[in-house]
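Remarks on the structure that follows.
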Amino acid sequence: MRLAASVDGKTLGEIRNLATPKVFEEGIEVFKGAALELAGGERIDAVVGGIAGPLNKDKTMAVGGPNIPAWWNKPLKDALEKALTTVAYIENDAAMGTLGEAIYGAGRGYPIVVYITVSTGVGGARVVNGKIDEGAMGFEPGAQIIDAGNALCPGWSERGYLINYISGADIERQYGKKPYEITDEKFWDDRAWFLAYGLNNITVIWSPDIIVLGGSMMNEIGIPVERVRHYLKEVLNIFPNPPVVAKAKLGDELSLYGALAYINQNLK
């Protein structure tokens, strides 16, 4: 869990990083203790943040995702409000991160911003004119099918999802190594090609001005952004020019900056 407090709604104070308890109730208690410490005795006006995976329609709880299954279908919004005696707003963490990059990061100044995080899993969202785009069930770009017949890498995936070809968890499952232990350039060039397939689909459906790429798999040992640009230009034929493809600027704090933007937009 990553927390920060904002006194003025414009800047972030100390950022606190904590291990996330697997048990939901324990997690709420840890969150409560850290939040009260960061508030320093001041009244908390609101809690805003993101959690991995899809949310229910009312955005009160997570209903799935790659991590912490014991938190699924638990009353997250209600528990936070009761713990801190305030209002709480939750979003998918990638959607909140997209907002952060759109307002404060690499997407600043672009009308339509897509952010894709390639890490343990693959997530992302779209921001249009500074607001998180609406979706009936949220956004899960990692679940798009790029290999319907499993022809690209037979046996890797039952459904040919993008996540199966580029996520850290799937690479470790398939190769028995942590991604950062793999130094073969051809391997990472192939991941750039797979990701470009996914970005082609995202481009023809969402038509973004810029696609921002973040997450641990886009680091120094990982998927090279310049090769993603190269392959996207090759595979995207329906439009004359591909969108700008850039690396995220806000690092691990992008969702906190997204929460800050959310506060300014919704909690005046």
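The values are calculated or read from the model by the stated rules, or taken from the named source; none is laboratory data. The shown structure was predicted, so the numbers you read here are calculated from the model rather than taken from an experiment. Note that each Cβ is placed from the backbone with ideal geometry, even for glycine, and that neighbours are counted across all protein chains shown.
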- Return a yes/no flag: does the stretch 104-111 have any residue that is touching a Leu at 6+ places or on another chain (Cβ under 9 Å) and part of a helix (DSSP H, G or I). yes
- Note on the structure: For the stretch 16-57 the number of residues that are under 14 Å from ARG2 (Cα atoms) and polar (S, T, N, Q) is 2
- Query: Checking GLU81 against (1) part of a helix (DSSP H, G or I); (2) touching a Lys or Arg at 6+ places or on another chain (Cβ under 9 Å); (3) farther than 26 Å from VAL245 by Cα; (4) of a type in the set (Asp, Glu), which test does it fail?
  - Reply: (2)
- Scope the stretch 15-48; condition in a loop (DSSP other than H, G, I, E, B) and more than 22 Å from the chain's Cα centre (by Cα); matching residues: VAL23, GLY40, GLY41, GLU42, ARG43, ILE44, ASP45
- Would you check which residues across the stretch 1-28 are surrounded by 13 or more Cβ atoms within 10 Å (Cβ to Cβ), touching a residue at least 40 places away in the same chain (Cβ under 8 Å) and charged (D, E, K, R) and list them? ARG2
- So, of the residues in the stretch 196-237 that are at pLDDT 95 or above and in a loop (DSSP other than H, G, I, E, B), which turns out to be farthest from ASP93 (Cα to Cα)? LEU236
- Out of all the residues in the stretch 111-128, is one or more farther than 29 Å from LYS249 by Cβ, modelled with pLDDT of 95 or more and surrounded by fewer than 19 Cβ atoms within 10 Å (Cβ to Cβ)? no
- Task: Take the stretch 209-260 and flag every residue that is under 19 Å from ALA52 (Cβ atoms) and of a type in the set (A, V, I, L, M).
- Result: VAL212, LEU213, MET217, MET218, ALA248, LEU250, LEU254, LEU256, ALA259
- How many residues are touching a residue at least 40 places away in the same chain (Cβ under 8 Å) and among the β-branched types (Val, Ile, Thr) if we restrict to the stretch 220-241? 2
- Note on the structure: Of the listed residues (VAL114, VAL127), the one being assigned to a strand (DSSP E or B), over 22 Å from ILE223 (Cβ atoms) and either in contact (Cβ under 8 Å) with a residue 24 or more places away in the chain or over 19 Å from the mean Cα position of the chain (by Cα) (or both) is VAL127
- Somewhere in the stretch 170-190, is a residue of a type in the set (Ser, Thr, Tyr) and not in a helix (DSSP H, G or I)? yes
- Among the residues listed as ILE68, ILE51, the single one being in the same structural domain as LYS10 (by TED's automatic domain parsing), closer than 17 Å to ALA261 by Cα, at pLDDT below 95 and not aromatic (Phe, Trp, Tyr): ILE51
- Can you find a residue in the stretch 135-156 that is touching an Asp or Glu at 6+ places or on another chain (Cβ under 7 Å), surrounded by fewer than 16 Cβ atoms within 10 Å (Cβ to Cβ) and either outside any loop (DSSP other than H, G, I, E, B) or charged (D, E, K, R) (or both)? no
- Filter the stretch 60-78 for residues that are under 30 Å from ALA169 (Cα atoms), over 19 Å from the mean Cα position of the chain (by Cα) and either aromatic (Phe, Trp, Tyr) or not in a loop (DSSP other than H, G, I, E, B) (or both) and give the result. ALA70, LYS77
- Identify, by number, the condition in (1) part of a strand (DSSP E or B); (2) touching a helix residue (DSSP H, G or I) at 6+ places or on another chain (Cβ under 6 Å); (3) of a type outside the set (Gly, Ala, Ser); (4) under 30 Å from VAL228 (Cβ atoms) that ILE90 doesn't meet. (4)
- Message: Given (1) out of contact with any Ser or Thr (no Cβ under 6 Å at 6 or more places or on another chain); (2) within 24 Å of LYS247 (Cα to Cα), identify the lone condition not met by MET1.
- Response: (1)
